[in-house]
Amino acid sequence: MELVSDKNLIDLAYNFERSGFRLYAVGGFVRDRLLGISEESCSDIDLCSRATIEELQALAVDCDMLVSVMNKQFGVAKIFYGGRVYEHATLRREICSDKGGHYPKKVEFVSNLELDYKRRDFTVSAVYYDIYHGKVVDFCGGEGDIKKHLLRAVGNADLRIKEDAERILRAIRFKISYGFEFDEELKSAIAKNAELLWRLSDTRKYKETIRILMCDNVNGNHFDILDNSGVLRTLFPSIYDLSLNRKAEYKKIKMALDIESVFRIPAIIALVKNAEEGASEEELSDILKLEKHYCKDDKKLQNYVKIFEIFTKKSLKTLELREIIEDNMFKYDDLIYCAQELYSSKINKRIIKQLGILIKS
């Protein structure tokens, strides 16, 4: 089965081959191609071989290739070749802690794929593609799982999750965006180990959470999937409480996930803050942390949050808008620009009305 037709990548694989290294694609690129997604739509290509960083640098001299080291301990480097950038990892095996932090106690570079694949999280991400010879290499039934839309852990699911709790969030993202179903062992491991998410750094946790909330949904509502997986209570305790005690507000928050992706998180933040008006920072810590990691230094995203906070608190008439904004010391022109962009779509207008955010002209 031919998954790669790009001549540049095949030429790179040839250069590896003539130097005694076999170059493989692995991970999301292979998974997406086996799902029938076009090669052009698969922008990120993860490569691997037994070549160490030092061997890559020696190879670069002979084939007009540049190598930039990203993480020497893990053998990860960027390869610049033919105007394209690829990420390459040396085949390795890892011995990890079972405390949920994903910092291997030991990393060892190896020469064969059978040792490398065992460190990977899910079978659908552990399928390799021999680029030069055009062959799929699969040690764990991942190709069949992709066809069945089944998400299974590589090896023992409980151990894989305990090695790195971020895999819980990755699994949920795959379920939401690809429509994969968990096998029973993985489903049980996620529910059992959901509390390990507390051990993740906020940066890792909310980076993956933002990816979940931004991805298009083909398999039910994001929050319902988080709840059914036993994760909502740990990840978003404030939203979980609303789901139990204030179902009307929870329904509005769920509906926010139907808005264009760039507006979803500002809407969720504003709706939760409004529903929990008067709550302490401690009670809203999950939402405040989400806001911090989503907005960062992006003025535009910060303005979206401010707009939604205003629009969730009261119905607005055009003449009231300037007064309310000035009372809150927001920059009027910036917010008007964002508001115009936000309500330019008829679809967004309909969804905003469903959320109870009413605009009167």
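For the reader, a short list of remarks on this structure follows.
- Net charge of Cβ neighbours under 14 Å - reference Asp46; Lys, Arg +1; Asp, Glu -1: +2
- Charge sum, other residues only, whose C-beta stays under 14 Å from Ile265's C-beta, Lys/Arg counted +1 and Asp/Glu -1: +3
- Karplus-derived 3J(HN,Hα), 6.51/-1.76/1.60, for each residue of the stretch 236-243, Hz, glycine and proline x: 10, x, 5, 6, 4, 4, 5, 5
- Compared with the direct C-alpha span, the chain from Ser5 to His293 gains 99.9 nm at full extension, assuming 0.36 nm per residue.
- Our coupling estimate for the stretch 288-295, obtained by passing each phi through the Karplus curve with A = 6.51, B = -1.76, C = 1.60 and θ = phi - 60°, is 5, 5, 4, 4, 4, 7, 7, 7 Hz, Gly and Pro reported as x.
- Taking the stretch 15-90 and dividing mean pair separation by its residue count, relative contact order in percent (alpha carbons under 8 Å, at least six apart): 27 percent
- Projecting label points 7 angstrom from Cα along Cα→Cβ for Asn219 and Asp62 puts them 4.4 nm apart.
- Put simply, the amide H of Cys140, placed in the peptide plane, has no neighbours under 5 Å, leaving out anything fewer than 5 places away on its chain.
- Applying Stokes-Einstein at 10 °C and 1.306 mPa s to the Kirkwood radius of the stretch 63-177, computed over alpha-carbon pairs, gives a translational diffusion coefficient of 101 µm² s⁻¹.
- With all projection directions averaged, the alpha carbon convex hull of the stretch 128-182 covers 4.5 nm².
- Loop-resident sites, the stretch 186-280, for GluC sites (Glu not before Pro), counting at most 10 other Cβ within 10 Å (DSSP): Glu277
- Partners of Lys118 within straight-line reach, counting aspartates and glutamates whose Cα lies under 15 Å from its Cα and excluding those fewer than 8 residues away in the same chain: Glu94, Glu108, Asp138, Asp158, Glu163, Asp164.
- Restraint check, Lys207/Lys254; Lys192/Lys289; Lys106/Lys207; Lys187/Lys207; Lys78/Lys148; Lys147/Lys251, Cα-Cα greater than 30 Å: Lys78/Lys148; Lys147/Lys251
- Note on Lys207 and Val107: the extension gain reaches 33.5 nm, defined as 0.36 nm multiplied by sequence separation minus the Cα-Cα distance.
- In this structure, the amide hydrogen of Met70, modeled 1.01 Å from its nitrogen in the peptide plane, lies closer than 5 angstrom to those of Val76, Ala77, Lys78, counting only residues at least 5 positions away or on a different chain.
- Over the stretch 150-235: Kirkwood hydrodynamic radius from C-alpha pairwise inverse distances, Å: 12.6 Å
Every number in this text was worked out from the coordinates using simple rules, so none of it is lab data. Predicted model only: the values in this text are computed from it and were never measured. Cβ atoms come from the backbone with ideal geometry, glycine included; neighbour counts cover every protein chain shown.
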